[in-house]
Amino acid sequence: MASSQNDNNNKIAHPAEAGVTIYYWSCSLVLLAPSLLLDRPASPLCATLRIACNEPYTIEVEGKTLQTRASLVAPRAGRKRVTAVNSDIALFYIPIDMPEYAALKKKLGKQKIIDLPFDDVEAFVPTIRKAMVETLSPEAIKGLVKDVVRAITGETGEVSVPVDNRIVRAREILDDTPLN
């Protein structure tokens, strides 16, 4: 699968034929892929959580490089490269400014990237693998995100402050809007 690799020219043939699975809803998505290669600058507006069910991946964020099986990257942090070959990787886009993700935002603090202990998320590997080959219900995939966040932070993510009705309505409109 990999062509020549050296320090100046890390070229890897992308296994696009293997395909990806994407679950999306307002402000969030979960992308699942056997391999994931990113070799360009990116600064997503959401925090990104990656979990490798198989092989570890390498990620470069703001000059720091990790080889890991689980990481959390801050919103707008500059990602330069992600190499996850045969990783069976799950990529979660999480809007940590939303009240239900306050614990995740607190855990991240001022850090740009956190290398997470794989033991904290290992229990979710069977569900991630299942979601790669079967279509999970919206409740199941959102439950997976909630459970992973709880495992990482130790907090439930329950919102103690009511969300303004205008925000609730805006989320509903976004939920009903086609991705295209």
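From VAL82, VAL145, grab the single residue that is buried (at least 18 other Cβ atoms within 10 Å of the Cβ) and more than 17 Å from TYR57 (Cβ to Cβ).
On the way: VAL82 fails: more than 17 Å from TYR57 (Cβ to Cβ).
Being buried (at least 18 other Cβ atoms within 10 Å of the Cβ) and more than 17 Å from TYR57 (Cβ to Cβ) holds for just one of VAL82, VAL145, which is VAL145.
Out of LYS106, LYS142, LYS64, LYS110, I need the residue that is free of Cβ contacts under 8 Å to residues at least 40 places away in the same chain and among the basic types (Lys, Arg). Which one? Walk me through it before giving the result.
Details: LYS106 fails: free of Cβ contacts under 8 Å to residues at least 40 places away in the same chain; LYS142 fails: free of Cβ contacts under 8 Å to residues at least 40 places away in the same chain; LYS64 fails: free of Cβ contacts under 8 Å to residues at least 40 places away in the same chain.
Every option except LYS110 fails the conditions.
If you scan segment 38-65, which residues turn out to be surrounded by fewer than 18 Cβ atoms within 10 Å (Cβ to Cβ) and either part of a strand (DSSP E or B) or within 14 Å of the chain's Cα centre (by Cα) (or both)?
Filtering segment 38-65 down to residues surrounded by fewer than 18 Cβ atoms within 10 Å (Cβ to Cβ) leaves 38-45, 54-56, 58, 60, 62-65.
Within segment 38-65, LEU38, ALA42, SER43, PRO44, LEU45, THR58, GLU60, LYS64, THR65 qualify.
Pull up segment 85-103, narrow it to residues that are within 21 Å of GLY143 (Cβ to Cβ) and acidic (Asp, Glu), then point me to the one that is surrounded by the most Cβ atoms within 10 Å (Cβ to Cβ). Break it down stepwise before answering.
Within segment 85-103, the subset within 21 Å of GLY143 (Cβ to Cβ) is 88-96, 98-103.
Narrowing further to those that are acidic (Asp, Glu): 88, 100.
Numbers: ASP88: 19, GLU100: 17.
Among them, the one singled out is ASP88.
Okay, residues lined up against (1) closer than 20 Å to ILE51 by Cα; (2) hydrophobic (A, V, I, L, M, F, W, C); (3) at pLDDT 90 or above; (4) part of a helix (DSSP H, G or I):
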| site | (1), (2), (3), (4) |
| --- | --- |
| ALA103 | yes, yes, yes, yes |
| LYS107 | yes, no, yes, yes |
| MET132 | yes, yes, yes, yes |
| GLY143 | yes, no, yes, yes |
| VAL148 | yes, yes, yes, yes |
| ILE152 | yes, yes, yes, yes |
| VAL163 | no, yes, no, no |
| ARG166 | no, no, no, yes |
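State yes or no: is SER137 of a type in the set (Gly, Ala, Ser) and under 14 Å from the mean Cα position of the chain (by Cα)? Write out each step before concluding.
Numbers: of a type in the set (Gly, Ala, Ser): yes; under 14 Å from the mean Cα position of the chain (by Cα): no.
Judged against the criteria, SER137 is not a match.
Can you name the residue in segment 19-37 that is among the β-branched types (Val, Ile, Thr) and not in a loop (DSSP other than H, G, I, E, B) and is also surrounded by the most Cβ atoms within 10 Å (Cβ to Cβ) among such residues? Give the steps one after another, and end with the answer.
Step one: of segment 19-37, the residues among the β-branched types (Val, Ile, Thr) are 20-22, 30.
Among the residues that remain, those that are also not in a loop (DSSP other than H, G, I, E, B) are: 21-22, 30.
Working: THR21: 16, ILE22: 11, VAL30: 23.
The qualifying residue surrounded by the most Cβ atoms within 10 Å (Cβ to Cβ) is VAL30.
The values are calculated or read from the model by the stated rules, or taken from the named source; none is laboratory data. Just so we're clear, the structure is a prediction, and the values are computed from it rather than from any experiment. Methodologically, a virtual Cβ is constructed for each residue, glycine included, from the backbone with ideal geometry; neighbour enumeration extends over all protein chains shown.
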